[in-house]
Each structure stands twice: as C-alpha cells, then as structure tokens.
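Structure first, commentary second.
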Ligand code: NAD
Ligand code: ZN
C-alpha cells in the first residue's frame, strides 16, 4: 500500500561523525515503497521536536556511539505514506502517526512482555541506531509507531513523543500520591516543562528547579507551586535547604531529575524526605550518583532509573495533550535550523521545546 506521490529525494539533516559538520542534504534518498521490508512503514514527517538526546548523540556523549552517518530525531509526527507488503498492522496510508525514540523491539522477550520494551535486547532507537525524524521521509516500524489522536495538531504531538512519554512514565516510577511534593529538576526544559504539567494534572504539589526569568514565568503559568532558581542557591547546601524549606520543612516525596547536567543528582539525595524516590531521567555524560549508604538505608531512599516509556505510556501521554491537560510550549522553526537549535540548547536557552517543520 502506498501513496503514489512519493519523491525520489527529500531534505534530511545528517552528520557523518560525532561532533562533525551537520549538513542539510536536499537530495537525500527517499526509501521507495518497493524497498521497504515487511514490518516497515514510510512516514512523511511533518514536524519533529529537538530533544537534548539528539544533541548528546551528535556529541557522542554516551558509552555506545550512534550509527554514522546519522539522521537524528525521535519526536517525529506525520502521516503514513506507504506500508511494506507482507506487514500485519491496523495502520493505513494517511493515518497520523508518531515516531518515538523506541523505533522497534521484539515484543516477545521477557522485558517486552513485562512492558519494558526499551530494555529489549533487540531494541532499535530512532535517530541513534536507525535514522530518525530530521528528514522529510522516514522509515519506521509498524509495531512501534504511535497513533496520534484526531484533532491533536502534529506540532503539538511531536514533543509528547519523547519528552511527554518519558516524563509521564517517570512520574509513574515516582511512587507518589496526590498531594505529595514532587520536585522536577530541569523544569524549564523540554522534558521538565511537561513533567511539571503531568505532575500538576494528577494532583502532585510541584517544585520546579531551573534558572532564569523566562523559565520561572513559564512554570508559573502551569500552576507549579514553587520555582527555585538553582543559580541563586549556589553554594554549600543552600539549594538543599531551600527545597526542604518549601516542602513543609521535610523535603519532597520524589524528585524527577530531567536536567542534562550532572549537578542536580546528588542534591536530590540530600533533600528527599524519608522513603523518598529519586527518578533518574537526564543523561549527563560520565556522571555517577553518589549515595551515602548510611543515609540511604536510614532514610529508606529509592533510586530508580527511568528510560522512555512503552507503547501504552505513549498513548496515555498523547491523550493528556489531546484533552488539553498538557500543552507543550513550542516554537516552530525550519528543519535547516537544527544546528543553531543545538547551540541554544547547550546554553540552556530553550524554554520548553523547539519543533522543526520538515517542509
Ligand atoms: P533541555 O536542554 O531542554 O532541558 C534541560 C534543562 O535542565 C534546561 O532547562 C537547563 O536549564 C536545566 N538545568 C541544567 N542544569 C541544571 C541544574 N543543575 N539544576 C536544574 N536544572 C538544570 O533537555 P531535555 O530535552 O529536556 O533533556 C534532558 C535530559 O533528559 C537529557 O540528558 C536527555 O538526553 C535526557 N532524556 C532522557 C530520557 C530517558 O528516557 N531517560 C528521554 C529523553 C531525554
Ligand atoms: Zn528524546
């Protein structure tokens, strides 16, 4: 099944080696329907969010390097234009779908069966192990594409496909109940500003930690109970004292760390109240969480890693957006701006998410 209007070439943003030049390829080969393998789907990507993970990938920050050359991107929203012959799926040409980080998994191993699809040994990651959404036409896998609800604009859906699903899942891992204090550290960024909204939507009391007036104002508009500017509470445990102070003097029940820098992690272990949960989400390179064993035991703390979410988490995360409970703060720019967006992101100068328009 295919749409006959598929061109032979399209625009893609590509790098050939980590930290190397980022080039806009206006003659990038578009995989033709006849080239698709069973299970694959060709998506006309219309919008794609830019996640800090894409920046980590380009910089080669993590232990396993991405494939190269690489078309990054894993918050793609668009329409199905072709489905490989021999594919069993309920998708149809013309359906609105999302490309998330987890491009594929086997769905048949212990991890997949337990709903932890991201830890499948056969997992493929969009914009890392396979080409992603920084292109007009992307090949993805039918069984992991996410249906986008009717009426949800694609540019709004895009940031939900990584940032939204990841923080929604992380909040589930936080083990909190309505009325509990939850700290979001990195709260003004792509993941963080959505975490604040999901947390508020399910009744948590939210403390956002980030820096700058733009982010302070953004978070106030979501009903965050408190904003703490980490640069104003710099030295000698002052941030820890302030977080405890605003959370009834006892500290929060949970902390979701969505910062791309490492500093936020160890503070969290100090300010959590007994039985508190630290949910590790942000992925700074070469960073270790240093937990004092005595206090970890004495305060009965939990440290949990949370890695994106599964297909159901993605559907739930989009549903919050479709119902207007969560509204990504987006600025839409042309696909060609990707490199400039990376520079701004590196400086912490992107409140919310930048979404690129792939046409
Ligand atoms: P972003 O750049 O949009 O946001 C990061 C925010 O952290 C910025 O607003 C920045 O000002 C803030 N920050 C920096 N240092 C801080 C500190 N010490 N305390 C508090 N805030 C601080 O990035 P993003 O796209 O939201 O991604 C954040 C991180 O999450 C990245 O490392 C990314 O790779 C990772 N990530 C993880 C998963 C997962 O599955 N665990 C999924 C997606 C992204
Ligand atoms: Zn991401």
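Please treat every number below as a calculation from the coordinates, not as lab data. Nothing here was measured: the structure is a model prediction, and the numbers come from that model. Here the Cβ is made from the backbone with ideal geometry for all residues, glycine too, and neighbour counts use every protein chain on show.
Counted residue by residue at 0.36 nm each, then reduced by the alpha carbon distance between them, the extension gain from residue 287 to residue 340 reaches 16.5 nm.
Output the direction-averaged projected area (hull surface divided by four) of the convex hull of the alpha-carbon atoms of the chain, in nm². Working shown, then result.
Values: hull surface 68.9 nm².
The directionally averaged projection comes out at 17.2 nm².
Of all DSSP-defined beta bridges confined to the chain, some 55% are antiparallel rather than parallel.
Against the chain, whose longest principal axis comes from its Cα atoms, helix 190-201 is set at around 70 degrees.
Secondary-structure-derived ellipticity at 222 nm for the chain, considering helices only, amounts to -7000 deg cm²/dmol, per-run term -39500 (n - 2.57) for DSSP H runs with n ≥ 4.
Quick one: which of 262-274, 97-109 comes out on top by average Cβ neighbours within 10 Å, and what's the full order, highest first? Please list the in-between numbers first.
Values: 262-274: 20.0, 97-109: 22.5.
The densest-packed peptide leads the list: 97-109, 262-274.
Take the alpha carbon gyration tensor of the range 174-305, find the square roots of its eigenvalues, order them as a ≥ b ≥ c, and report rounded if a/c is under 1.5; if not, report prolate when a/b exceeds b/c, else oblate. In terms of gyration-tensor shape, rounded.
Across the chain, Cα pairs under 8 Å and at least six residues apart give a relative contact order of 18 percent.
What relative contact order, as a whole-number percentage, does the range 1-92 give when Cα pairs under 8 Å and 6 or more residues apart are counted? Don't skip to the end; give the middle numbers.
Numbers: 155 pairs, mean separation 34.1, N = 92.
Relative contact order of the range 1-92: 37 percent.
Give me the percent relative contact order of the range 174-305, please, defined on Cα pairs under 8 angstrom at least 6 residues apart.
Working: 264 pairs, mean separation 30.2, N = 132.
In percent, rounded to a whole number, it is 23.
Angle of helix 311-322 to the longest C-alpha principal axis of the chain, folded into 0 to 90 degrees and rounded to 10: 80°. Please find, in a Gaussian network model of the chain (springs between Cα atoms separated by less than 10 Å), the residue of 119, 166, 88 whose mean-square fluctuation is greatest. Highest fluctuation among the options: 88.
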